[in-house]
Amino acid sequence: MAEFKEIKAVFHVEENEPIGHKTYRMRLAGDTSAFSATGQFVNVAVWGKFLRRPISVCDYDASGLTLLYDVVGAGTEAMTHWSKGWPVNSLIALGNGFDTNRSGDNPLLLGGGIGIAPLYGLAKTLVAQGKHPTAILGFNSGKDVVMLDEFRAVCPTYLATVDGTYPDVPGGDINVTQGYVTDVIDRYDLGDAAYFYACGPLPMLRALCLNLNIEGEVSMESRMGCGFGICMCCSLETKDGAKRICKEGPVFRKENLIWK
Ligand code: FAD
């Protein structure tokens with residue numbers, strides 16, 4: 001069973017603050033040397049819950065990592081009560097992250113809702129590599145928008161909201177496209193991007209993979225049990241056969257995915 005090398009770690013909460021009406025940003029201190037790429041995730045234990053909760057790493061450095069999470073149920077609600085110093089038992093560095101070798105010079109980063117989380121760390125990595133990413137962030141409504149100022153500090157950033165409303169957050173002085181990230185792509189000349197990275201709701205990923213005429217990779221999501229490849233409950237049928245989203249994913253190349 002040498003293939004299964006999940007890494008268990010205890011991190012400590014440094015900061016855990018709301019940054020939107022349903023979104024929190026949590027900074028955890030601890031050893032991140034096991035991480036190899038943005039797009040990997042952690043699977044955090046929540047007291048009283050049998051299953052851990054998978055959360056993408058938004059950003060990491062040598063001393064810790066940042067998570068963004070939406071409060072959607074009992075587990076993420078419990079996480080909002082973790083205060084400074086709280087020990088967080090987690091499986092870390094899970095899955096395969098984004099491959100920055102394939103980006104070309106001007107990649108597009110396409111995020112929907114809380115799917116923007118791993119794209120922030122990715123944007124920083126690409127810029128550090130001398131590349132010129134452009135981010136397109138999509139949310140249902142202006143009130144859902146988070147991290148706009150942070151993205152704008154790293155790379156050119158476009159914003160779409162489904163209802164066309166504007167965000168009331170730092171960095172909110174920006175043109176808003178009413179609709180989806182795909183509408184931003186239709187509206188603007190985004191240069192000669194030859195590669196895209198995407199994370200967000202399934203319909204968005206589907207639309208991008210079927211309609212965007214450049215290569216790319218997407219981070220897939222699924223309910224999962226173990227998070228490190230044993231229970232098989234997150235299996236996905238791909239052109240290369242069944243793959244586990246937690247183990248061979250969550251990031252998959254566009255050309256390997258099957259859309260029915
Ligand atoms: P409940 O609905 O009460 O959860 C009940 C059970 O369902 C739990 O076992 C929970 O883990 C599972 N579950 C519920 N929704 C999801 C879902 N969408 N995906 C997977 N399992 C789910 N959310 C964020 O807010 N930020 C992130 O960065 C993020 N990254 C993710 C990365 C991966 C690889 C995956 C698979 C999911 C990610 N999610 C992320 C979704 C997050 O895991 C769920 O929102 C969370 O587990 C819900 O837990 P809950 O107890 O609040 O909700």
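The values are calculated or read from the model by the stated rules, or taken from the named source; none is laboratory data. Given the structure is predicted, the values throughout are model-derived calculations rather than measurements. For neighbour counting, all protein chains shown are included, and Cβ atoms are generated from backbone atoms with ideal geometry for every residue, glycine included. With ligands, DNA and RNA removed, areas are computed over all heavy atoms of the protein, side chains included. Shrake-Rupley method; radii C 1.70, N 1.55, O 1.52, S 1.80 Å.
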Among residues of the range 79-106 being touching a Phe, Trp or Tyr at 6+ places or on another chain (Cβ under 7 Å) and among the small types (Gly, Ala, Ser), the residue surrounded by the fewest Cβ atoms within 10 Å (Cβ to Cβ) is 104
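Mind checking whether some residue in the range 164-174 is in a strand (DSSP E or B), more than 17 Å from residue 211 (Cβ to Cβ) and in contact (Cβ under 8 Å) with a residue 24 or more places away in the chain? Before you say what the answer is, go through the steps one by one.
Taking the range 164-174 as the starting set, the residues that turn out to be in a strand (DSSP E or B) are none.
So far as the range 164-174 goes, no, none of its residues is in a strand (DSSP E or B), more than 17 Å from residue 211 (Cβ to Cβ) and in contact (Cβ under 8 Å) with a residue 24 or more places away in the chain.
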Pairing a residue in the range 207-219 that is open to solvent by 10 Å² or more (accessible area, probe 1.4 Å) with any residue that is polar (S, T, N, Q), where Cβ atoms lie under 6 Å and the two sit 6 or more apart in sequence or on different chains, gives 207/182
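State whether one or more residues within the range 25-32 are more than 17 Å from residue 10 (Cα to Cα) and either among the basic types (Lys, Arg) or open to solvent by 60 Å² or more (accessible area, probe 1.4 Å) (or both).
Initial filter on the range 25-32 (more than 17 Å from residue 10 (Cα to Cα)): 25.
Now restrict to residues that are either among the basic types (Lys, Arg) or open to solvent by 60 Å² or more (accessible area, probe 1.4 Å) (or both): 25.
Looking through the range 25-32, at least one residue is more than 17 Å from residue 10 (Cα to Cα) and either among the basic types (Lys, Arg) or open to solvent by 60 Å² or more (accessible area, probe 1.4 Å) (or both).
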Of the residues in the range 221-260 that are surrounded by fewer than 22 Cβ atoms within 10 Å (Cβ to Cβ) and aliphatic (A, V, I, L, M), the one that is nearest to the ligand (Cβ to nearest atom) is 236
Result of the Cβ filter at 6 Å on the range 120-141, keeping first residues that are among the hydroxyl-bearing types (Ser, Thr, Tyr) and partners that are in a strand (DSSP E or B), at least 6 apart or interchain, is 120/59; 125/38; 134/108; 141/161
Within the range 48-69, of all residues that are touching a helix residue (DSSP H, G or I) at 6+ places or on another chain (Cβ under 6 Å) and open to solvent by less than 30 Å² (accessible area, probe 1.4 Å), the one farthest from the ligand (Cβ to nearest atom) is 59
